[in-house]
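What follows is calculated from the coordinates using simple rules that are stated; it is not laboratory data. Because the structure is predicted, anything quoted here is derived from the model rather than measured. Please note: Cβ atoms are built from the backbone with ideal geometry, for glycine as well, and neighbour counts cover all protein chains shown.
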Amino acid sequence: MRTAEIERKTKETDINVFVKLDGEGKVSVDTGIGFFDHMLTSFGVHSGIDMQINVMGDLDVDSHHTVEDTGIVLGQAISKALGDKSGIKRYGSAYIPMDEALGFCSLDISGRPFLVFNADFTGEKIGEMDTCLVEEFFRAFAFNSGITLHISEIYGNNDHHICESLFKALAHAFKTAISLNESGEVLSTKGVL
């Protein structure tokens, strides 16, 4: 069964993440940042991954460490749950509309982490989350999960809608990429990922 649990404690954050890739989208998230919880919940529900995420961060400073470190630990848990990546489809892409906004994600679970991020937010915050941290989350997630991640706002006006369309696009692309291929083998000419 493709599951993993990672704990990480620093002077800035104390994080516990459990993931079950072949789940039902059952999600429990508590980071102390309401909007971020909403985005992580959307990712879990729409990808079908069961996730439990508990974070104690130095929110008295700001939300940067909490958001980035959650991306690190969630990425590590995903990587561990995927193991040697044999049997997965590896690639996934999705366009997701959210009212006037349209988000896009294309990814490769390649073991070669990379992020291309294109989104413009008009406000400094969505709820209590700094909009500049959306890119920081995706970077930490991509680099710690070993995913080549391209994620873009195609268009949109409302920051909440733009951000949610990006998280849901990631979820649907990821759901495709982790689904099993017919051969059960690693999808690579090298034979390994």
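Quick notes on this one:
- Qualifying residue in the range 107-116 (condition: without any contact (Cβ under 8 Å) to a residue 24 or more places away in the chain and either assigned to a loop (DSSP other than H, G, I, E, B) or not aromatic (Phe, Trp, Tyr) (or both)): no
- Exactly one residue out of Ile88, Ile109 is of a type in the set (A, V, I, L, M, F, W, C), within 18 Å of Phe174 (Cβ to Cβ), under 15 Å from the mean Cα position of the chain (by Cα) and buried (at least 19 other Cβ atoms within 10 Å of the Cβ): that is Ile109.
- The conditions of being part of a helix (DSSP H, G or I) and not charged (D, E, K, R) are not met by Gly123.
- Considering residues of the range 141-168 that are assigned to a helix (DSSP H, G or I) and more than 21 Å from Gly127 (Cα to Cα) only, the residue nearest to the chain's Cα centre (by Cα): Phe141
- Any hit, the range 131-140, residues being outside any helix (DSSP H, G or I) and either at positive phi or β-branched (Val, Ile, Thr) (or both): yes
- Any hit, the range 137-147, residues being in contact (Cβ under 8 Å) with a residue 12 or more places away in the chain and more than 21 Å from Ala4 (Cα to Cα): no
- When the range 131-150 is limited to residues that are of a type in the set (A, V, I, L, M, F, W, C) and over 16 Å from Leu40 (Cα atoms), the one that is surrounded by the fewest Cβ atoms within 10 Å (Cβ to Cβ) turns out to be Cys132.
- Residue selected from the range 71-100 under the condition in a strand (DSSP E or B) and among the β-branched types (Val, Ile, Thr), by the criterion farthest from Ile33 (Cα to Cα): Ile88
- Filter pass, Gln52 being crowded, with 16+ Cβ neighbours inside 10 Å and either assigned to a strand (DSSP E or B) or among the basic types (Lys, Arg) (or both): yes
- Meets criteria (crowded, with 16+ Cβ neighbours inside 10 Å, charged (D, E, K, R) and over 21 Å from Asp50 (Cβ atoms)) for Asp120: no
- Hits in the range 21-49 (condition: within 16 Å of Ala81 (Cβ to Cβ), surrounded by 19 or more Cβ atoms within 10 Å (Cβ to Cβ) and over 12 Å from the mean Cα position of the chain (by Cα)): Leu21, Val27, Gly48
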